[in-house]
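The values are calculated or read from the model by the stated rules, or taken from the named source; none is laboratory data. As the structure is a prediction and not an experimental result, all values here were calculated from the model. Cβ placement follows ideal geometry from the backbone for every residue including glycine, while neighbour counts extend to all protein chains displayed.
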Amino acid sequence: MGSTMKGKRMRTLEGSCHCGAVTFSVKSRTPQPYMHCHCSICRKTAGGGGYAINIMGEARTLKVSGRANLSVYRARIEDDGKRIHSPARRHFCKCCGSALFISDPRWPKWVYPHASAIDTPLPKPKETAQIMLDSRAPWVAVAGGKRNRKFTEFPDQSIEDWHKTRGVYEK
């Protein structure tokens, strides 16, 4: 499967936790796992190389089996000098701890599955974005090169726009 998908239809992504207690599916127009988040929340809750890789799906299409085994974590964050709970909800399996997907009431149209939880083959992106590098663990080596873009915080370009400008947005 190549990384250019011009004219391809939106795909269904299927995912699961490690123990199989939770499975899910979601339709995605943006299935390229290109953005590696190094923030302390992602690296501590998702593990995987010291960062998490999220993709985007349409929330209305999310189907979850084993919902009784699903739990939610809301990280504590700093906001205007106060410690509050983040609006983002990190969904994980309460049996094995696998990070599955993120939902956020600020963006109700979307759900953000962790690429590590997706069982459907995903395309290999030609470019990656290493984000939140100001928060990365000191032991994490970040690859160089022009196809490996680096951001100290969040990039200005959305996941949807990234896919569209590279011709890999699925209609």
Inset, instruction - Spot the failing condition for Pro125; the list is (1) surrounded by 13 or more Cβ atoms within 10 Å (Cβ to Cβ); (2) touching a residue at least 24 places away in the same chain (Cβ under 8 Å); (3) under 19 Å from Thr23 (Cβ atoms); (4) not aliphatic (A, V, I, L, M), and only one is missed. - result: (3)
Inset, instruction - Please work out which one of (1) in a loop (DSSP other than H, G, I, E, B); (2) closer than 18 Å to Phe24 by Cα is the condition Arg90 fails and give its number. - result: (1)
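Ile77: out of contact with any Asp or Glu (no Cβ under 8 Å at 6 or more places or on another chain), part of a strand (DSSP E or B), over 21 Å from Met56 (Cα atoms) and of a type in the set (Val, Ile, Thr), yes or no?
yes
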Inset, instruction - Look at Asp156 and say whether it is among the charged types (D, E, K, R), over 24 Å from Ser16 (Cα atoms) and assigned to a helix (DSSP H, G or I). - result: no
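Restricting attention to region 54-74, and to residues there that are in a strand (DSSP E or B) and of a type in the set (A, V, I, L, M, F, W, C), which single residue is surrounded by the fewest Cβ atoms within 10 Å (Cβ to Cβ)?
Taking the candidates together, the pick is Val72.
Out of all the residues in region 50-90, which are free of Cβ contacts under 8 Å to residues at least 12 places away in the same chain and basic (Lys, Arg)?
Listed by number, the residues that qualify are Arg76, Lys82, Arg83.
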Inset, instruction - Collect the residues in region 126-135 that are touching a strand residue (DSSP E or B) at 6+ places or on another chain (Cβ under 8 Å) and assigned to a loop (DSSP other than H, G, I, E, B), keeping them in residue-number order. - result: Glu127, Met132
Legend entry - Residue ID - nearest to Val140 (Cα to Cα), chosen from residues in region 1-36 that are buried (at least 22 other Cβ atoms within 10 Å of the Cβ), of a type outside the set (Val, Ile, Thr) and modelled with pLDDT under 95: His36
Inset, instruction - Can you give me the number of residues within region 151-171 that are more than 23 Å from Thr12 (Cβ to Cβ), without any contact (Cβ under 8 Å) to a residue 24 or more places away in the chain and under 17 Å from the mean Cα position of the chain (by Cα)? - result: 5
Inset, instruction - Scan region 128-151 for residues that are of a type outside the set (A, V, I, L, M) and loosely packed, with under 12 Cβ neighbours inside 10 Å and report the count. - result: 7
